[in-house]
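The values are calculated or read from the model by the stated rules, or taken from the named source; none is laboratory data. Everything numeric in this text was worked out from a predicted model, so none of it was measured. Positions of Cβ are generated from backbone atoms using ideal geometry, with glycine treated the same way; all protein chains shown enter the neighbour counts. Heavy atoms of the whole protein, side chains included, go into the accessibility calculation; ligands, DNA and RNA do not. Shrake-Rupley method; radii C 1.70, N 1.55, O 1.52, S 1.80 Å.
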Amino acid sequence: MKVFLRSFGCQMNKLDTNLVANSFLQAGFEFTEEIGEADAVLINTCSVRNHAEERVLSLLGHLKHIKKTRPQIVVAVFGCMAQRLKEDLLSHEAVNIVCGPLQIPELVSLVSKAIEKNTKLTAVSNDIRHKSLPEDSDRLDDFEYSYDSAEDNLPAQAYVRVMRGCDKFCSYCVVPYVRGPEASREPAKIIAQIKKLADSGIKQVTLLGQTVNSYRYDNFTFADLLYEVSKINSIEWIKFVTCYPKNFDERIFKAMVDLPTVCRYLHIPAQSGSDKILKAMNRGYTCSQYLEIIDKAREIVPDIAVAGDFIVGFPGETDEDFQKTIELVEKAQYKNCYIFKYSPRPGTRADDKLADDVPMEVKKQRNIELLAVQEKISAELNKSFIGKTVKVLVEGASKKAHLDKADKENVSQLIGRTAGDYIVVFDGSENLAGQFVNVNITKASALTLFGQIN
Ligand code: 5AD
Ligand code: SF4
């Protein structure tokens with residue numbers, strides 16, 4: 001049986017996709033890149049913005065067409081959109097299976113059943129905000145533990161979930177409604193999993209949580225977890241995403257200084273620089289409180305690399321509010337920022353209570369403007385690397401042709417990242433994928449550092 005697997009969305013989804021892929025491989029399925037020859041099509045979906053859902057719907061439209069000639073193909077939609085739309089998705093002609101994020105351990109058996117009986121099946125939590133029963137969390141943990149080291153991951157790298165769900169209820173965000181309540185995994189299970197990954201050759205782990213710095217298991221905090229993970233031999237780099245800028249435990253910064261394996265990289269979304277908008281977003285901090293955290297981080301870890309997220313065009317965002325966001329971006333000196341146009345999500349408080357009153361043209365304009373401000377900052381920061389040597393974990397061959405490709409026709413270009421998550425492109429042999437190399441930086445753009453292995 002052949003399976004075609006497509007994934008949309010964040011790192012959490014990539015991890016789920018890997019887990020699902022491995023569970024299908026172990027059950028004897030093969031993978032295909034050709035949708036036309038698949039017996040089953042699995043789609044891991046994202047609901048964070050409307051655009052992500054539109055892409056899934058367009059793929060489903062394509063599948064509806066394919067099913068006209070091959071009606072026996074089983075199409076399974078899983079993840080956030082499956083949870084959000086539940087049975088409604090089953091009424092789509094192309095869809096056979098709707099499976100929520102907490103039900104992914106059942107996906108193999110659902111698909112097998114649907115192939116056998118050519119039926120439609122749903123497995124989603126009816127009340128996702130209801131705290132999981134211990135046996136359900138155990139089942140997810142076992143699934144995670146059994147299928148962790150993914151074949152198609154970047155070489156020597158793995159994601160490890162430390163928390164599920166979110167309780168912050170930012171007013172624009174669908175995550176608490178599709179991923180359920182915040183729950184931290186037991187430290188012993190996380191450690192056992194990372195030890196297993198280390199034994200299989202993993203050198204970098206990225207600890208994942210929607211608000212990873214709020215990790216807490218009884219009295220055991222995220223900083224405690226960093227100290228424990230750093231004791232595991234052969235894990236050379238520990239990264240973590242994403243941080244929430246409230247109640248930030250400074251011991252996390254101290255861990256970055258104390259522990260050479262904890263990467264000095266902080267992804268800490270601000271979302272807006274206007275206190276009025278932050279309040280409407282229910283973020284629970286002011287712009288100056290946010291900046292205090294960044295200042296504290298830099299005081300304790302002077303060379304820390306900071307990245308942020310922003311939403312432009314949130315309901316009620318005036319030019320003046322947007323100017324405050326620009327000012328924050330200028331002050332924060334991010335290494336890079338992810339910028340999104342506000343997208344109303346059904347069921348969220350912002351969508352229920354606030355009109356989406358910033359016109360799309362204005363959202364687009366603000367997006368472009370903010371990106372330009374950040375690009376200038378990124379370009380300056382990146383320039384400061386010229387002449388320096390950085391340690392890079394090699395990901396593999398660079399997919400895109402890069403700036404300085406023209407003069408070197410037959411050499412393969414590699415791409416990798418530094419501990420601070422800077423992207424580095426350089427010439428080298430593809431068998432360096434998964435290895436650490438030192439690269440002398442000779443050139444820099446706003447997005448990329450270029451250099452030579454030394
Ligand atoms: N519209 C636009 N951007 C959003 N994000 C989350 N929800 C929305 C939304 N409704 C952005 C936030 C978050 C990132 C993952 O996606 O910036 O940090
Ligand atoms: Fe969404 Fe806010 Fe939770 Fe992040 S912290 S997942 S933005 S609700």
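Whenever a residue of segment 371-397 is buried (at least 20 other Cβ atoms within 10 Å of the Cβ), its partners that are in a helix (DSSP H, G or I), lying with C-beta atoms within less than 8 angstrom and at least six residues away or across chains, give the pairs GLN374/VAL329; VAL394/LEU432.
If you go through segment 219-247 and keep only what is surrounded by fewer than 18 Cβ atoms within 10 Å (Cβ to Cβ) and either in a strand (DSSP E or B) or within 16 Å of ligand 1 (Cβ to nearest atom) (or both), you end up with PHE220, LYS246. Checked against (1) within 16 Å of ligand 1 (Cβ to nearest atom); (2) within 16 Å of the chain's Cα centre (by Cα), THR17 passes all but a single condition, namely (1).
Considering only residues that are within 13 Å of ligand 2 (Cβ to nearest atom) and of a type in the set (S, T, N, Q), look in segment 170-221 and name the one that is nearest to GLN271 (Cα to Cα). Here the residue is SER171.
The rows are residues; the columns are (1) in contact with a Cys (Cβ under 9 Å, 6 or more places away or on another chain); (2) within 16 Å of ligand 2 (Cβ to nearest atom).
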| position | (1), (2) |
| --- | --- |
| TYR227 | no, no |
| GLU236 | no, no |
| PRO245 | no, yes |
| LEU259 | no, no |
| ALA280 | no, yes |
| ARG283 | yes, yes |
| CYS287 | no, no |
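Just checking, does segment 95-113 include any residue being within 16 Å of ligand 1 (Cβ to nearest atom) and either at pLDDT below 95 or not assigned by TED's automatic domain parsing to the domain that holds ALA188 (or both)? For segment 95-113, residues within 16 Å of ligand 1 (Cβ to nearest atom) and either at pLDDT below 95 or not assigned by TED's automatic domain parsing to the domain that holds ALA188 (or both): present. Set side by side, the residues GLY308, GLY313 differ, and just one is surrounded by 15 or more Cβ atoms within 10 Å (Cβ to Cβ) and on the phi > 0 side of the Ramachandran plot, which is GLY313. All conditions in (1) of a type in the set (A, V, I, L, M, F, W, C); (2) under 17 Å from the mean Cα position of the chain (by Cα); (3) on the phi > 0 side of the Ramachandran plot hold for MET163, with the sole exception of (3).
Filtered by the rule that a residue be within 16 Å of ligand 1 (Cβ to nearest atom) and open to solvent by 20 Å² or more (accessible area, probe 1.4 Å), segment 138-163 gives a lone residue, TYR159.
Of all residues in segment 320-349, those being more than 21 Å from the chain's Cα centre (by Cα), open to solvent by 70 Å² or more (accessible area, probe 1.4 Å) and within 13 Å of ligand 1 (Cβ to nearest atom) number 1. Can you find even one residue in segment 28-35 that is away from ligand 2 (no atom under 16 Å from the Cβ), more than 21 Å from ASN118 (Cα to Cα), in a helix (DSSP H, G or I) and not assigned by TED's automatic domain parsing to the domain that holds SER171? No; the residues of segment 28-35 include none that is away from ligand 2 (no atom under 16 Å from the Cβ), more than 21 Å from ASN118 (Cα to Cα), in a helix (DSSP H, G or I) and not assigned by TED's automatic domain parsing to the domain that holds SER171. Each residue in segment 36-56 was checked for being open to solvent by 60 Å² or more (accessible area, probe 1.4 Å) and not in a loop (DSSP other than H, G, I, E, B), and 5 of them qualify. Beta carbons closer than 6 Å, at least 6 apart along the sequence or on distinct chains, pair a first residue in segment 326-347 that is farther than 17 Å from SER378 by Cβ with a second that is in a helix (DSSP H, G or I) and within 13 Å of ligand 1 (Cβ to nearest atom) for LYS341/LYS363; LYS341/ASN367; SER343/ASN50; PRO344/ASP351; ARG345/ASP351; GLY347/TYR177. If we scan segment 57-65, do we find a residue that is over 28 Å from MET163 (Cα atoms), open to solvent by less than 50 Å² (accessible area, probe 1.4 Å) and touching a strand residue (DSSP E or B) at 6+ places or on another chain (Cβ under 7 Å)? Yes - at least one qualifying residue is present in segment 57-65.
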